[in-house]
Amino acid sequence: MRLSSTTIASLPRQVSRFEYDRDAQAVGIVHFGIGAFHRAHQAWYTDRAMDAGDRGWAITGVSLRSPAVASRMLPQDCLYSVTERSSGAASARIVGSVRDVLVAEAEREALAARLAAPGTRIVSFTITEKGYCRATDGSLDHDLAGTGTIYPLLAEGLRRRMAAGGTGLTLLSCDNLAANGRQLARLLGDYCERHDPALGRWIAARCSFPATMVDRIVPATTPADLAGVERLIGLRDEAAVLTERFSQWVIEDRFAAGRPRWHEVGAQLVDDVASYETAKLRMLNGAHSALAYLGLGRGHRFVHEAIADAEILAIVLRIMVDEAAPSLEPGPGQDLAGYAETLLARFANADLRHELRQIAMDGSQKIPQRWLETLAFHKARGNTCPGLLTAMGAWLAHLRGDPALVSDPFAEQARGLWQAAGEERFAEAMFGAQGPFAASCPADAFDLRTITAALRQIGR
């Protein structure tokens, strides 16, 4: 049998589930990007907040293009399980906070109506760095920000809301961008300035864009995972997600029209997210990207395999402890040394089987905030970052590898630079004064030599 509202009563006693009246919960959140991470993180927090007594915060999920998630969730009445795995043990919870799923391109009218509905108070996003349509210099790429992106969809719904005299919304980015709230505000403002300046002024006056930091490792779900979840819960769950026990959500407490009581179920509401988000970007995400490219270059498949490789571990430790951590200004009580130890333990969790190829995707959109900001910090002080430079060489080796294994919007341009420059000058073409990443942190002669040496070694 498949998980649904009619079969949920047959769950084994050891499987936890929500106790609120699901049908009585009004939709208060529209979420763009209803993938595995959202279901294991923001929707999971919201489900537990409603279980603790909060009301009216059910979620309408939005898939920007693919109907795949909708086809998995809708036959299950949008119910799904979150299974936490660690040290060989697993526990599952059925989550009920998602009420429906819309496929944006096929259901634009329904989406616009939901965005304009009086009960909607928060619009949130997990669309990956690529989904914000930023150019290399961080500005909005207007050529990309068209059909199939958040910008015209948001503009259509918010325009209706403005015309109806509705309240402003909180637009909550939960993606790995430094100052993600301010970036979303700026990018949406740029879009409106070109297409609807009056709407842009209304958004600036009525809506809020809090910063957030999100952290939970959520590998892609495999067929074997689905079979394991079915044995655990006794029902088939095509929308199941598997994750670690650790979870963190730090949110700037700046909402336009209220919020769920997420703080009662583990989220941190703070005045300033910056120290948390920067630590996560440079230490966790920076190490993750290094593990991906170094690990793939040495024939590994999973994170736990890569971190068990002594040579890779030494580089990752250097990146986290010697390079990233000194570039940070920790917040009150923030223990960066302890954070690094926690990250290493999480990376070594073999129960997650987190694929390096999943992390390696879209590197061109990630490395400016994960690596180049740390490098720029040290360069301004006359220091070098051999760990990061080695990882950058591994990324270049990955980009010039088998095109079937590379998923990056910059891949075609990178291959063109490789063909024009060759191995010896590829690093200069990418990171030199005239390279596409020069604005973030132009590399000097030492940097280029170190990157090229790593590229030659890994590319053999």
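What follows is calculated from the coordinates using simple rules that are stated; it is not laboratory data. Keep in mind that what you see is a predicted model, and the values were worked out from it rather than measured. All Cβ positions, glycine included, derive from the backbone under ideal geometry; neighbour counts span all protein chains shown.
A few points about this structure:
- For the stretch 135-242, the calculated P(r) over all alpha carbon pairs, in 10 Å bins from 0 to the bin holding the longest distance, is 13, 33, 23, 19, 12, 1 percent.
- Between Arg13 and Glu423, the contour length at 0.36 nm per residue exceeds the alpha carbon distance by 141.6 nm.
- Selection among Trp262, Ala306, Ala421 by position relative to the dipole of the chain gives Trp262 as farthest towards the positive end (Cβ unit charges, Cα centre).
- Packing-based ranking, highest mean first, of 350-356, 274-280, 291-297 given that Cβ atoms within 10 Å are counted: 291-297, 274-280, 350-356
- Alpha-carbon centroids, the stretch 182-243 and the stretch 19-41: separation in whole Å: 11
- Label-to-label distance for Ala308 and Asp23 is 5.0 nm, based on points extended 7 Å past Cα in the beta-carbon direction.
- Cα gyration tensor category, rounded, prolate or oblate, for the stretch 8-270 with a/c compared to 1.5: prolate
- Protection proxy ranking, peptides 420-426, 128-134, 261-267, average beta carbon neighbours within 10 Å, highest first: 128-134, 261-267, 420-426
- Percentage relative contact order, the stretch 8-270, counting C-alpha pairs under 8 Å, at least six apart: 23
- When shorter helices are ignored and each DSSP H run of at least 4 residues is given -39500 (n - 2.57), the per-residue value for the chain at 222 nm works out to -12000 deg cm²/dmol.
- Ordered by the count of other Cβ atoms within 10 Å of each Cβ, fewest first, Met430, Met392 give Met430, Met392.
- For the stretch 318-446, the Cβ-based charge dipole about the Cα centre amounts to some 80 debye (Lys, Arg positive; Asp, Glu negative; other atoms uncharged).
- Stretching the chain fully between Arg381 and Arg231 yields a gain of 48.4 nm (0.36 nm per residue, less the alpha carbon separation).
- Cα-only Debye scattering, the stretch 274-459: base-10 log of I(q)/I(0) at q = 0.08, 0.11, 0.15 Å⁻¹: -0.23, -0.44, -0.83
- Efficiency of FRET from Cβ geometry, Leu317 and Ala163, R₀ 51 Å, rounded to 0.05: 0.35
- Kirkwood-based shape ratio for the chain, expressed as Rg/Rh from alpha carbons: 0.97
- Annotation: peptides 434-443, 393-402, 325-334, ranked by per-residue average of other Cβ atoms within 10 Å with the highest first, follow the order 393-402, 434-443, 325-334.
- Taking the centroid of alpha carbons for each part, the stretch 56-108 and the stretch 297-352 are 30 Å apart.
- About its Cα centre, the dipole of the stretch 113-186 is roughly 380 debye, where the only charges are +1 on Lys and Arg Cβ and -1 on Asp and Glu Cβ.
- Förster radius 30 Å - calculated FRET efficiency between Ala404 and Ala68 (Cβ-Cβ, nearest 0.05): 0.90
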